[in-house]
1. Could you list, in their original order, any pairs among B:LYS344/B:LYS400; A:LYS460/B:LYS207; B:LYS344/B:LYS446 whose Cα atoms are separated by more than 28 Å?
2. For A:VAL75, what residues show an amide H to amide H distance below 5 Å, using hydrogens built from the backbone and excluding near sequence neighbours?
3. Give me Rg over Rh for the protein assembly as shown, both radii from the alpha carbons and Rh done the Kirkwood way, two decimal places.
4. How big is the Cα convex hull of region B:215-304 in projection, averaged over all directions, in nm²?
5. Work out the FRET efficiency for A:ASP205 and B:PHE694 from their Cβ-Cβ distance, taking R0 = 35 Å, and round it to the nearest 0.05.
6. So for B:CYS596, B:CYS424, fewest C-beta neighbours within 10 Å to most, what's the order?
7. Using the beta-carbon distance between B:HIS567 and B:SER147 and R0 = 60 Å, what value does 1/(1 + (r/R0)^6) give for FRET efficiency, to the nearest 0.05?
8. Which of rounded, prolate or oblate describes region B:310-396 when judged by the alpha-carbon gyration tensor and an a/c cut-off of 1.5?
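Bear in mind that the values in this text are calculations on the coordinates, not laboratory data. Being a predicted model, the structure only gives us computed values, none of them experimental. Every residue, glycine as well, gets a Cβ built from its backbone with ideal geometry; the counts of neighbours run over all protein chains shown.
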Amino acid sequence: MSFLNQWNYFLALGPQAILTTFAIGILLFGVSRNNTSDEHQGWLLGRISLAGVIAAGIVNAGLYPFADRLSDGIVAVDRYALFSNWVLLLGSAMAILISISYVEKQRIQVPEYFALLLFATVGLMLMTASLDLMLVFIGLEIASISVYALATIDQRSPKGSEAGLKYFLLGAFSTGIFLYGVALIYGSTGSANLTEILNATVDADDTGVMLITGVIMLAVGFCFKVGVVPFHMWTPDVYQGSPMPITGYMSVAIKAGAFFTFYRIFGIYLDNIQFSWGTVFWWLALVTMIGANLVALVQNNIKRLLAYSGIAHSGYLLITVLANNTTSESGLLYYLAVYTVANMGLFAGFVLVANHAEHRVEVSDYAGLGSKQPFIAMALTVFLLSLGGFPATGGFIGKILILRGALEDNYLLLAIALVISTLISYWYYLRLAWFMWMKEQAATPNTEKAPEIEIPLALKLVLAVSLVLIVYAGIFPSQLIGFIETSLLKG
Amino acid sequence: MINPHLNLFIESGLFVDGNMNWKPIMPAIIILAPLIGFIINGAISLYLNRPNVNSKGESSNGLKRIVSVVGPGSILASFIVVGLNGFRMLLAGHPTTFNANYWTWLQTSDFQVNVGIQIDTLSIVMMAVITGVGFLIHLFSIGYMESEKGYARYFAYLNLFVFFMLILVMGSSYPIMFVGWEGVGLCSYLLIGYWFEDEEKASAGKKAFIVNRIGDLGFLLGIFLLHSALGSVDYVGVAENASGVFVYGGGLVTLITLFFLLAGVGKSAQIPLFVWLPDAMAGPTPVSALIHAATMVTAGVYLIVRSSVLFAMAPVTSALVAGIGVSTALFAATIACKQYDIKKVLAYSTISQLGYMFLGVGVGAYTAGVFHLVTHAFFKALLFLGAGAVIHSMHHALHKVHSEDDPQDMRNMGGLRQYMPITCFLMWIATLAISGVWPLSGFFSKDEIIWMTGSFAMAESSPFPSLYKIYWVMAVATALMTAYYMTRFMVMTFHGKNRTVDGAGSAIHETPKIMLIPLIILGFLSFFGGWVNVTPHLMESVIGGFGALPMTDWLHHWIEPVIAESHHIQLENIGETGHVSPVGGGEVFWAVLSTCAAAVLVIGTTYFKSKSLSYGVLGEDSGTISRFLYNKWYIDEFYDKWIVKPLGQMSKFCWLKFDQGFIDRAVNLSGRSAKGIGWFGSLFHTGQVNTYAFFLTLGLLAVLITVMF
């Protein structure tokens, strides 16, 4: 697409523009109503934001005829960006659906909540489509600041405030590193535009200290966002303190958005200087996979458990950035899509068990769920199996693709580490499943009986759709893989 | 021989297409029937679990009846289709391989896996065992699980297990086998922990799960290496390309087979990964019979036979397979000699017999391995179900007199023959079969393995002749030990004086009919099952009644097409196997001798044991060796100390030092500070965010330093 006139830019950012419009509309609605005690506001605004996401999806589908492989502007309208939009939109749609009853129960300021959720998605979509490091930065910050605010949105929760603040401080710190990296890259290549950086690094060697330092700092900035060991430490705390649906959103959308961008920048545009970051990534992937899985073994809080699980998945995905061949890239896209669905489905179940609040978040609280709520328990079990990479679930296919990609580029050791850490991860995923099916609820007198779980329609929808998608992606993956293969950056 | 009407029926358009090939839907029924059973039973189980249904007894009784029909019925349906397939193959004269691809499962640039099944002579034997024995065990379960709470759930899991097991043996490629492989592991885990009120039993399931993961690691790596080397992972492709790519004794094929061996060792409970199987006996007894004796644990043997081409080209791995097999056989047999739990004896006996199968496939006697797998499925299922009947009876009797005695402890039994004569009789058949007494099934299968071990040692250019001679001696010793511990088992249970607490004895009753019928069928199979694979040599000797008994070497020819290539490789590289045993004497001589030895041992022990065992032998064994064996060589303790505990400590260490250390402080402080001047300011004093930022910087510096220098 030519970017000679402004209209085309607007078109290229169509989905983002639509979402922004809806978000602003929701904010205006909030100002005009100013009646926070309205119980059905959540349902109404949730539906409006969902409509926004769907509208953005329609525009996204309409952009396919315009999709070029390489655009010379600073916004890419390639099929890769459009695919990442799908994943991000899916993630936010599910986050909205599981939020509706949560915000109503928790009496959270609803207009801000949904508006911020949409803004965060806009930022992520902007980031994944951008071809300029400055625009990446802007997108990243739009998303981050929205999520900082979302983490603290329940003002009566000191934990949430603490989490938000912690996230903000450390996020600001990592943003500093990120920006410093951008500055150094700009200083050494003379541009922040990725295409120009690509051209400037064609015959770079390992003497360009400024460039390499910049690249590494940029990588560290990303590693912080996706939670790669040793830049992961904020994750468990922040996940634990944030409202449940936001934790879910953070664990999928932020991770997916950051990884889509991560891959675009490092796998494609900084590929020429892989000698500088390859070894580092190799070690980071290894340490992340093994370390996170080991630590996850002893977690009892499900949000912390999922935090470490998410860190481990970052480790797996880092391999795809490193191996960056077509199989790896398909693996990345497939994995992120499936991971988004499975993880959001899991959080839908968590929200239900927690009864739209923040209690009952221990693994032992899931005892006996299988007999009380077989549908939820079954769905959760399938999602857990998918995260663990059990055959006939989507997660298995994703892992196989990543493994194949790693082996094609002869990262044998990483492949073995991936398999071993996957096997370790089975333990804690199945431990949760084991509690659901194998344990009866402990009859301790001091804890009151768990309330009857009532499944709102929205959550039923999330669970059922995720369940179908995960199983479908595990048994008939070829269509999705075929679609993904047309969305690759590496043609 | 076969009814022409049946022939006509099979070949009608219902099942075959114009070219007389099977329609792909027919084999699919075999897999789908148990799945449908699982869905129906699962739905019923979920329905019954609802709290408001539990009170309505009458509706749940009707549903229970549906479960009783659907559970075994779905397996019977697949068995019938398997039978049709088998007949069709038999009629074809020359067994053909049927392949059906349903859809492409996975496709990347150079990696393609189709969801497809392969029905050949090997898989049809496995399918027949799984569905046939599986059906009998399902039938038995109706009686055994009658009064259990989760009746529908139990059958749902059992159906699901059969479904995955069929995928395992019917898949046309290694990845599909892996799907089944993982699936049966999952079901085994679910069924071991079936009585989940019991903490110990639930943790036994976990142990099984983890040990199996180690095996799965081997399987996955093996598949990937195989693909890297050959470019295909389906059996047909592997068989075609293997001899062109690999060289005999080459490093790559050895590595691949070692990975597969690791997988098999985990699944089939061989040294050093056998520890999970005895613990797995915590599940209901029919589960032990089906999963942990007849089917799932033999998956490792199936994997090796399936990969016979690869194993034949890797003499080192094969020697290791045989070595692991025979060591496990001997080792488990020693433990079985000193166990008192009726199921533990059978568990170690299973491990021991699986060792025999490994020995068989390790010496290139793939047919013998499969043969022993089949006969073992018959007599071990019978033993387990019989033991289940005994436990069932004991449980009720002890319950009646309000005794706290363990219904599984053989020291509490004795003299049960007078109460359960039919069960006793049937179990004696199985015992004689497993002991290798002529003319029962176990005699022929075990004898062939031992014989092939000996003749492999005497082959023209056997790779490690003296090693195989040692194997042979160990195998013979194990055979005698088997006769000993099985007789001990029978005598302690059924003979001598009754040692149950006062009054309980008379409450012990014969097995109910629904449970007895499967036992009788299995008894028949345990007796005659061995007659399908008798070498002509033996048939014409005294063993075969000088050709008078209706024996055949059918199985040998039946399996041959699947393993022909491996025999070819074997013949090329190590030449003809010998026809004498390591210490002289022909096949017949040793066959007769082994029977005599086993028979003498059985009779001798019976006589000796029935005299010495009387009421009140409950005391622990005092001898050092006895205690050592009773405690299973202290292997569990060894693993616990050197593997389980260190791993747990490592995980805790990582957590506490690198993560929790900061967090604990933070959580405490944030609680305290909220009361103070204002938590915002104090957050900066917790040191937590500072520490995180500090580590972030440290990480950055570390990374930068790595890159720069």
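1. A:LYS460/B:LYS207
2. Here the answer is A:LEU131, since their amide H atoms fall under 5 Å of that of A:VAL75.
3. Rg/Rh for the protein assembly as shown comes to 1.01.
4. 6.3
5. After rounding to 0.05, the efficiency reads 0.55.
6. Ordered by Cβ neighbours within 10 Å, fewest first: B:CYS596, B:CYS424.
7. Calculated transfer efficiency: 0.70.
8. The shape class here is oblate.
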